[in-house]
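Engineer: I am attaching a structure below and will ask some questions about it afterwards.
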Amino acid sequence: MNQNQRAMVVLISGSGTNLQAIINGVESGAIPGRIAAVLSNKTNVKGLERAEEHGIPTIVLDHKAYDSRESFDQAMIDAIDEHNPNLVVLAGFMRILTEEFVNHYAGKLINIHPSLLPKFKGLNTHQRALDEGEAIHGCSVHYVTFELDGGPIIGQRSVAIETNDTADLLAARVQKEEHILYPLACKLIMEGRLSLEKDGPHLDGNLLPATGQDFSQLEQWEEF
Ligand code: GRF
């Protein structure tokens, strides 16, 4: 592994299917960079297994072992910064982050959220989309700010809501889209084509609209 390559650190709390999509993107050469480490706040989760299977160093920091959110986040900063990452990727990381943490990684911290933001911030997004009678649902990748699920949006992919849809069926279809959208966002950032500027995210030098780039029509993310 070339240590000079641009580096990502991925934070997880669970199954890590988005982590897997990013690992696949790195291993296929589509994402120019390496995953320097995977950090989990939970032991024995599938995402850690995935990292180990692919020879990626893992870090487990159990948030319950810390007496405050501040001390836990500082421990994460210390562990992450050892790898000097260009990008910190939240992939199903289920902890609220302190303002200090978010500011420390300003402009290089991204998250994937299972809704078409700014709709349905927070949890239970699929059920809420069904309850609201939405016709379209989807996922968003955004830069992380201190406002929960409120940072500048990079891009989205949408799915149609079907009659007789359930939250589980919808979640499965949205996750398929996440696995295209998230590695694509990582690729564009690692390539230097996408960045957060003062007025918002720029792709190939152009300011993106408020809901980011609509990547819904893209079939092969690797070729974007
Ligand atoms: C995804 O649905 C993502 O949108 C949300 O957390 C979930 C993580 O799933 N932020 P996985 O661990 O990547 O399978």
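The values are calculated or read from the model by the stated rules, or taken from the named source; none is laboratory data. Quick caveat: nothing in here was measured; it's all calculated off a predicted structure. Backbone-built Cβ (ideal geometry, glycine too); neighbour counts: all protein chains shown. What goes into the accessible areas is simple: the full protein's heavy atoms, side chains included, and nothing from ligands, DNA or RNA. Shrake-Rupley method; radii C 1.70, N 1.55, O 1.52, S 1.80 Å.
Engineer: With respect to residue 119, determine if the residue is in contact with a strand residue (DSSP E or B) (Cβ under 6 Å, 6 or more places away or on another chain), away from the ligand (no atom under 11 Å from the Cβ) and open to solvent by 60 Å² or more (accessible area, probe 1.4 Å).
Structural biologist: Numbers: in contact with a strand residue (DSSP E or B) (Cβ under 6 Å, 6 or more places away or on another chain): no; away from the ligand (no atom under 11 Å from the Cβ): yes; open to solvent by 60 Å² or more (accessible area, probe 1.4 Å): yes.
No.
Engineer: Ok, one more. Within the stretch 11-39, take every residue that is within 19 Å of residue 176 (Cα to Cα) and either among the β-branched types (Val, Ile, Thr) or touching a Cys at 6+ places or on another chain (Cβ under 7 Å) (or both) and give me the one that is surrounded by the fewest Cβ atoms within 10 Å (Cβ to Cβ).
Structural biologist: Out of the qualifying residues, it is 17.
Engineer: Residue by residue through the stretch 177-209, note down the ones that are more than 14 Å from the chain's Cα centre (by Cα) and either within 21 Å of residue 160 (Cα to Cα) or of a type in the set (S, T, N, Q) (or both).
Structural biologist: 195, 206
Engineer: Let me ask something else. Residue check: is residue 208 over 23 Å from residue 17 (Cα atoms), in contact (Cβ under 8 Å) with a residue 12 or more places away in the chain and open to solvent by less than 40 Å² (accessible area, probe 1.4 Å)? Please lay out each step first, then the result.
Structural biologist: Values: over 23 Å from residue 17 (Cα atoms): yes; in contact (Cβ under 8 Å) with a residue 12 or more places away in the chain: yes; open to solvent by less than 40 Å² (accessible area, probe 1.4 Å): yes.
Yes.
Engineer: Within the group 134, 53, which residue is closer than 29 Å to residue 176 by Cα and within 16 Å of the ligand (Cβ to nearest atom)? Spell out the reasoning first.
Structural biologist: On the way: 134 fails: within 16 Å of the ligand (Cβ to nearest atom).
So the residue among 134, 53 that is closer than 29 Å to residue 176 by Cα and within 16 Å of the ligand (Cβ to nearest atom) is 53.
Engineer: What number of residues within the stretch 16-32 are near the ligand (Cβ under 8 Å from one of its atoms) and not in a helix (DSSP H, G or I)?
Structural biologist: Residues flagged as near the ligand (Cβ under 8 Å from one of its atoms) and not in a helix (DSSP H, G or I) within the stretch 16-32 amount to 1.
Engineer: Another question about this same structure. Applying the selection to the stretch 100-116, what residues are more than 14 Å from the ligand (Cβ to nearest atom) and either assigned to a loop (DSSP other than H, G, I, E, B) or of a type in the set (A, V, I, L, M) (or both)? If you could, list the steps in order and put the result at the bottom.
Structural biologist: First, the residues of the stretch 100-116 that are more than 14 Å from the ligand (Cβ to nearest atom): 100-108.
Within the stretch 100-116, 102, 105, 106, 107, 108 meet the criteria.
Engineer: Of the residues that make up the stretch 80-99, is at least one in a loop (DSSP other than H, G, I, E, B), closer than 25 Å to residue 150 by Cβ, open to solvent by less than 20 Å² (accessible area, probe 1.4 Å) and of a type in the set (S, T, N, Q)?
Structural biologist: Yes, the stretch 80-99 contains at least one residue that is in a loop (DSSP other than H, G, I, E, B), closer than 25 Å to residue 150 by Cβ, open to solvent by less than 20 Å² (accessible area, probe 1.4 Å) and of a type in the set (S, T, N, Q).
Engineer: Give the residue, chosen from 189, 180, that is outside any loop (DSSP other than H, G, I, E, B), more than 14 Å from the ligand (Cβ to nearest atom) and among the β-branched types (Val, Ile, Thr). Don't jump to the end; show me each part of the working.
Structural biologist: Values: 180 fails: more than 14 Å from the ligand (Cβ to nearest atom).
Step by step, each of 189, 180 is checked, and only 189 is outside any loop (DSSP other than H, G, I, E, B), more than 14 Å from the ligand (Cβ to nearest atom) and among the β-branched types (Val, Ile, Thr).
Engineer: Same structure, new question: Which one of these does residue 184 not meet: (1) open to solvent by 10 Å² or more (accessible area, probe 1.4 Å); (2) of a type in the set (A, V, I, L, M); (3) out of contact with any strand residue (DSSP E or B) (no Cβ under 7 Å at 6 or more places or on another chain)?
Structural biologist: (1)
Okay, residues lined up against (1) over 26 Å from residue 28 (Cβ atoms); (2) among the acidic types (Asp, Glu); (3) without any contact (Cβ under 8 Å) to a residue 60 or more places away in the chain; (4) surrounded by fewer than 22 Cβ atoms within 10 Å (Cβ to Cβ):
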| residue | (1), (2), (3), (4) |
| --- | --- |
| 114 | no, no, no, no |
| 131 | yes, yes, yes, yes |
| 140 | no, no, no, no |
| 145 | yes, no, yes, yes |
| 159 | no, no, yes, yes |
| 200 | yes, no, yes, yes |
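Engineer: Being closer than 20 Å to residue 5 by Cβ and open to solvent by 10 Å² or more (accessible area, probe 1.4 Å) is the filter here, so list the residues in the stretch 51-78 that pass it. Can you show your working first?
Structural biologist: Within the stretch 51-78, the first condition is being closer than 20 Å to residue 5 by Cβ, and the residues that meet it are 51, 54-59.
Result: 54, 55, 56, 57, 58, 59.
Engineer: Among the residues of the stretch 137-165, write down those that are within 16 Å of the ligand (Cβ to nearest atom) and over 30 Å from residue 103 (Cβ atoms).
Structural biologist: Selection gives 137, 158, 159.
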